[in-house]
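Below: one structure, written as structure tokens.
All of the numbers you see were taken from the coordinates with simple rules; none came from a lab. Keep in mind that what you see is a predicted model, and the values were worked out from it rather than measured. Because the Cβ atoms are built from the backbone with ideal geometry, glycine has one as well, and the counts that use them run over all protein chains shown.
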Amino acid sequence: MSVAGINVLVEETRARTQAAKAPLLSVRGVSTYYGSIRALKGVDLDVSEGEIVALIGANGAGKSTLMMTIFGSPQARDGTITYAGRDITKLPTHEIARLNIAQSPEGRRIFPRMTVRENLQMGASVNGGRHFAEDLERVCTLFPRLKERIDQRGGTMSGGEQQMLAIARALMSRPRLLLLDEPSLGLAPLVVKQIFNAVKELNRTDGLTVFIVEQNAYHALKLAHRGYVMVTGTITMSGTGKALLDNPQVKAAYLEGGQH
Ligand code: ATP
């Protein structure tokens, strides 16, 4: 092989190694506004392939805004969001969804008049409905309750069942990155445990990358490999889930007072 050929090979290998090392999702200096209100103030955050990363913070800190900004609505006014090496900052939501990012939004937002099966079909339609039977089987194994309720209308299910459905619907598109917004909201502790166990299992067995936004700091940090703390639109702390759980400031602000 010529020297030029070897150089090309070396360059390609270097580029591949760098791509492998780069985080799957990278948020840099992101600011998002609602009119003149600056809800996110220069946020930096990374999620690597195969990681579970939690974002915790009080009511109104901007957690959901960050998740929605990653998903393209509202869009960041400043900063950059990179996913799998591609700048997605200004992409519309439907194009972001096609890049194998799926979101289970706050408040679940399932289709209430549709049955469980139809809701799952909607989730699968993002990738053209391929592998529907196989993926249906998979999410029903993960959440057996959905199998029992497969022909029930989504809107008549309990809060916990609707949350399972929202996550299952997101999974039907076979995401590489799952965005979970407040999955524990308003649910009984036992149901929260079931849902978090399911997420852990998906990460362990399929290597699914998860970015989870939670007010329930205890459960989120127990689940996550790494976490970030957000206060009024700014990241104030980050570290492993365990380090944050043990951190006195995190304990005082987010863990004492019966969250868990
Ligand atoms: P929670 O846990 O209560 O959902 P959060 O941390 O997710 O809180 P956001 O919902 O992102 O916080 O809200 C961040 C800030 O942006 C808040 O001050 C909120 O009032 C404001 N905000 C959110 N959505 C809108 C909107 N559509 N229009 C105007 N302001 C908004």
Open item on the list: Is the C-alpha gyration tensor of the range 29-77 telling us rounded, prolate or oblate? Criteria: a/c under 1.5 is rounded; beyond that, a/b larger than b/c is prolate, otherwise oblate.
Closed with: prolate
Open item on the list: I'd like to know how the chain sits against the 2.2 N^0.38 Å rule of thumb: what's its Cα Rg over that expected value?
Closed with: 1.06
Open item on the list: Per DSSP helix of 4 or more residues, -39500 (n - 2.57); summed, then divided by the residues of the chain. What does that give at 222 nm, rounded to the nearest 500?
Closed with: -11500 deg cm²/dmol
Open item on the list: To check you understand DSSP bridge types, tell me what percent of the beta bridges within the chain (both residues inside) are antiparallel, rounded to 5.
Closed with: 55 percent
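In the neighborhood of L146, defined by Cβ-to-Cβ distances under 14 Å, what is the net charge if each Lys or Arg adds +1 and each Asp or Glu adds -1?
With Lys, Arg at +1 and Asp, Glu at -1, the net is +2.
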Task: Calculated FRET efficiency for the pair S158/R204, C-beta based, R₀ 25 Å, to 0.05 - done: 0.40
- [ ] Classify the range 170-212 as rounded, prolate or oblate from the Cα gyration tensor: take a ≥ b ≥ c as the square roots of its eigenvalues, call it rounded if a/c is under 1.5, otherwise prolate when a/b beats b/c and oblate if not.
- [x] prolate
Task: the range 123-206 shape via C-alpha gyration tensor axes, a/c threshold 1.5 - done: oblate
- [ ] Report the residues of the range 131-153 in range of a label on T115: point 7 Å along Cα→C-beta, backbone N strictly under 18 Å from it.
- [x] 132-141, 144-153
Task: Candidate lysines for bridging to K41, where Cα separation is under 16 Å - those fewer than 8 sequence places away on the same chain excluded - done: K63
- [ ] Give me the distance between the Cα centres of the range 154-190 and the range 73-125, rounded to whole Å.
- [x] 14 Å
Open item on the list: Can you work out the Karplus-derived ³J(HN,Hα) for every residue in the range 77-83? Use 6.51 cos²θ - 1.76 cosθ + 1.60 with θ = phi - 60°, whole Hz, and x for glycine or proline.
Closed with: 8, 10, x, 9, 10, 10, 10
TODO: Report the label-to-label distance for M122 and E148 in nanometres (one decimal), using points 7 Å from each Cα along the Cα→Cβ vector.
DONE: 2.4 nm
Task: P(r), alpha carbons of the range 21-133 - 10 Å bins starting at zero, rounded % - done: 13, 39, 33, 14, 1
Task: Phi-based couplings in Hz for the range 68-76 (Karplus 6.51, -1.76, 1.60; Gly and Pro marked x) - done: 5, 5, 4, 8, x, 8, x, 8, 5
